[in-house]
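The values are calculated or read from the model by the stated rules, or taken from the named source; none is laboratory data. Fair warning: this is a prediction, and the values are worked out from it, not measured in the lab. Positions of Cβ are backbone-derived with ideal geometry, glycine not excepted, and every protein chain shown enters the neighbour counts.
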Amino acid sequence: MVNRIRTFINSCDLRRFRFWLQLLLFILLVYGGYAAINLGQNLPTFSCGYNQDGKGGVCYLLPLQHQLARGPASLFSWAGIAVLTGFLYFVIWFFVFNKAWCGYACPLGTIQDWITALRKKMGIPYASYTWEQFRHLKKIKYALLVLMIFIPMGIGSGIFSHDMATPFCMICPGRTIIPLFTGDFSQLTIDFSSKTKMIMTTLGMLVTGLFFTGSFIKKRFFCFFCPMSALHYMLSKPAFLKLKKDGSKCTKCGDCYSVCDMQIKEIADDVDNINILQDDCIMCLKCISACPEEGCLKVNFLGQHVFESTVDGYIKRMEKGNKSE
C-alpha cells in the first residue's frame, strides 16, 4: 500500500498540483481575512499587511521593521522579548516548509507565475541572465536585507526620519499589488505629506512598474532581489523539508537546469553535495519532476521521502506534456 502511494505521488502531474495549491494558498492569504482566518503576523511569505481586511496573515517583515524602529533602549528591555518571540514564530513557520514558501505559498511568486503563463500563451520568449549577471544579482537581496534591518534601527536611534515608517514595505510591490485583488487601489498613490514619504512612495511605484515589466520578461524576476528569500536561506539548513541529490546517479543531462525558473546551474553540475538547496531556490520541485534518473533528486520531510525522481514518473509526465501540447 505504501509503495503504491509513493508510486502515485512520484508519477503525479506536478504542474497541475502546484497550480491548484498555489491558487488555494493565494485565496487563503489574500482573502482569508474575510472568513476571519488569521495565521498571525509572522508568516515567512508576502501576505501583505497593507491588504487590510482581506489578509489571512501578515508577512513577518512588516512587524519586524516596526519592532526594530522602537530604538535600542526598547530592544534591550522587556519589549525585546516580543521581538524574539516574533522571530521564534517566524522560524517555526519557516522550518515546516523551508523555501517551498516561495515556490508554493508566496502571493507575489504566484502572480509572477501567472504573468509567465500569460507570456507563454502570447508566444513571447523570456530572457535569461548570463552567469556573470546571475552571480552579481545574487548579492542584491542580501544588501536589501541588511538595509531593511539597519534603516529601521536608524529610525529608532533618530538617525533617519520616522516618515520612512517601514522602509522595505514602502518599496515592496506586495504593498501596491496585493491589495488590488481586493479592490483596494489606495496604495497606488504618491504621498506628498512629507519629502521623505514622497520619495519612498515614488520608489514604491517605480518598483511596482519594474515588477510587472521584469516578470513579463524574466521568470520569477522579483525573487532574485527578495530579502525574504535571503533570510530564508540563512535559516534553511535545519528546516524539515530538504532538497537532496545523489550525485552518483546524475548524468548531467541538464534537464533539471532547463526547467529551473531561477537558473541555478548547481542543480545540474554539483554531483558532490547531498543537500543541493541554493540561496535562490524556491523549492518548486520542477527539477525533480524533470529528472529522468531513478532516485537522483528527491525532497525529504523529516528524513522521509516525499517526492523523488523516477523513470516511470518521468515517462508519464513526458507523455502528459506531449498530449497537452
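So, Phe150, is that one without any contact (Cβ under 8 Å) to a residue 12 or more places away in the chain and either part of a helix (DSSP H, G or I) or outside the structural domain of Ser161 (by TED's automatic domain parsing) (or both) or not?
Numbers: without any contact (Cβ under 8 Å) to a residue 12 or more places away in the chain: yes; either part of a helix (DSSP H, G or I) or outside the structural domain of Ser161 (by TED's automatic domain parsing) (or both): yes.
Yes.
Yes or no: region 73-87 includes at least one residue that is in contact with a strand residue (DSSP E or B) (Cβ under 8 Å, 6 or more places away or on another chain), among the hydroxyl-bearing types (Ser, Thr, Tyr) and at pLDDT 85 or above.
First, pick out the residues of region 73-87 that are in contact with a strand residue (DSSP E or B) (Cβ under 8 Å, 6 or more places away or on another chain): none.
Looking through region 73-87, none of the residues is in contact with a strand residue (DSSP E or B) (Cβ under 8 Å, 6 or more places away or on another chain), among the hydroxyl-bearing types (Ser, Thr, Tyr) and at pLDDT 85 or above.
Need the failing condition index for Phe160 against (1) surrounded by 17 or more Cβ atoms within 10 Å (Cβ to Cβ); (2) among the aromatic types (Phe, Trp, Tyr); (3) under 16 Å from the mean Cα position of the chain (by Cα), just the number.
The failed condition is (3).
When you look at Gly209, is it in a helix (DSSP H, G or I) and more than 30 Å from Phe160 (Cα to Cα), yes or no? Step through it out loud before you land on a result.
Values: in a helix (DSSP H, G or I): yes; more than 30 Å from Phe160 (Cα to Cα): no.
No: the conditions fail for Gly209.
Read through the list (1) among the aromatic types (Phe, Trp, Tyr); (2) in contact with a helix residue (DSSP H, G or I) (Cβ under 6 Å, 6 or more places away or on another chain); (3) modelled with pLDDT under 95, then give the number of the only condition that Tyr314 fails.
It is condition (2) that Tyr314 fails.
Out of the residues in region 60-98 meeting the condition of being aromatic (Phe, Trp, Tyr) and assigned to a loop (DSSP other than H, G, I, E, B), tell me which one is nearest to the chain's Cα centre (by Cα). Before you say what the answer is, go through the steps one by one.
As a first pass, look at region 60-98 and keep what is aromatic (Phe, Trp, Tyr): 60, 76, 78, 87, 89-90, 93-95, 97.
Filter again for assigned to a loop (DSSP other than H, G, I, E, B), leaving 60, 76, 78.
Values: Tyr60: 13, Phe76: 31, Trp78: 32 Å.
Per the criteria, the residue is Tyr60.
Can we say Ile124 is among the hydrophobic types (A, V, I, L, M, F, W, C) and part of a loop (DSSP other than H, G, I, E, B)? Even if it seems obvious, please write down each step before you answer.
Values: among the hydrophobic types (A, V, I, L, M, F, W, C): yes; part of a loop (DSSP other than H, G, I, E, B): yes.
Taking the combined requirement at face value, the residue satisfies it.
Yes/no matrix, rows are residues, columns are (1) modelled with pLDDT of 95 or more; (2) under 16 Å from the mean Cα position of the chain (by Cα); (3) under 17 Å from Phe225 (Cβ atoms); (4) surrounded by 20 or more Cβ atoms within 10 Å (Cβ to Cβ):
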| residue | (1), (2), (3), (4) |
| --- | --- |
| Cys106 | yes, yes, yes, yes |
| Trp114 | yes, yes, no, no |
| Pro152 | no, no, no, yes |
| Thr189 | no, no, no, no |
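Select, from Tyr129, Tyr89, the only residue that is under 27 Å from Cys260 (Cβ atoms), hydroxyl-bearing (Ser, Thr, Tyr) and in contact (Cβ under 8 Å) with a residue 40 or more places away in the chain.
After ruling out the rest, the residue left standing is Tyr129.
Tell me which residues, restricted to region 278-309, are hydrophobic (A, V, I, L, M, F, W, C) and touching a Ser or Thr at 6+ places or on another chain (Cβ under 6 Å). Quick ask: steps written out before the conclusion?
Initially, region 278-309 is screened for residues hydrophobic (A, V, I, L, M, F, W, C), giving 281-285, 287-288, 290-291, 296-297, 299, 301-302, 306-307.
Those that are hydrophobic (A, V, I, L, M, F, W, C) and touching a Ser or Thr at 6+ places or on another chain (Cβ under 6 Å): Ile288, Cys291, Cys296, Leu297.
Checking the condition touching a strand residue (DSSP E or B) at 6+ places or on another chain (Cβ under 8 Å) and in the same structural domain as Leu144 (by TED's automatic domain parsing), which residue from Met228, Met170 passes? It would help to see each step written out before you state the result.
Numbers: Met170 fails: touching a strand residue (DSSP E or B) at 6+ places or on another chain (Cβ under 8 Å).
After ruling out the rest, the residue left standing is Met228.
Working carefully through the options Leu188, Leu144, find the one that is within 20 Å of Leu206 (Cβ to Cβ) and free of Cβ contacts under 8 Å to residues at least 24 places away in the same chain. Spell out how you get there, then give the answer.
Values: Leu144 fails: free of Cβ contacts under 8 Å to residues at least 24 places away in the same chain.
After ruling out the rest, the residue left standing is Leu188.
Regarding region 288-302, can at least one residue be identified that is surrounded by fewer than 19 Cβ atoms within 10 Å (Cβ to Cβ), among the hydrophobic types (A, V, I, L, M, F, W, C), in a loop (DSSP other than H, G, I, E, B) and at pLDDT below 95?
The answer is yes; a qualifying residue exists.
Conditions: (1) at positive phi; (2) touching a residue at least 12 places away in the same chain (Cβ under 8 Å); (3) not basic (Lys, Arg). Phe222 meets all but one. Number of the miss?
(1)
Return the residue satisfying two criteria in turn: it lies in region 236-264 and is basic (Lys, Arg) and within 19 Å of the chain's Cα centre (by Cα), and of such residues it is surrounded by the fewest Cβ atoms within 10 Å (Cβ to Cβ). So that I can check it myself, show each step before the final result.
First, pick out the residues of region 236-264 that are basic (Lys, Arg): 237, 242, 244-245, 249, 252.
Applying the additional criterion that residues be within 19 Å of the chain's Cα centre (by Cα) yields 237, 242.
On the way: Lys237: 10, Lys242: 21.
Result: Lys237.
Of the residues in region 269-284, how many are under 22 Å from Tyr104 (Cα atoms) and either part of a helix (DSSP H, G or I) or within 18 Å of the chain's Cα centre (by Cα) (or both)? Step through it out loud before you land on a result.
Within region 269-284, the subset under 22 Å from Tyr104 (Cα atoms) is 275-284.
From what's left, either part of a helix (DSSP H, G or I) or within 18 Å of the chain's Cα centre (by Cα) (or both): 276-284.
So the count comes out to 9.
Whether any residue in region 163-178 is farther than 30 Å from Arg119 by Cα and either among the aromatic types (Phe, Trp, Tyr) or without any contact (Cβ under 8 Å) to a residue 24 or more places away in the chain (or both) is what I want to check. Working first, answer last.
Residues of region 163-178 farther than 30 Å from Arg119 by Cα: 163-167.
Of the ones still in play, those that are also either among the aromatic types (Phe, Trp, Tyr) or without any contact (Cβ under 8 Å) to a residue 24 or more places away in the chain (or both) are none.
Within region 163-178, none of the residues are farther than 30 Å from Arg119 by Cα and either among the aromatic types (Phe, Trp, Tyr) or without any contact (Cβ under 8 Å) to a residue 24 or more places away in the chain (or both).
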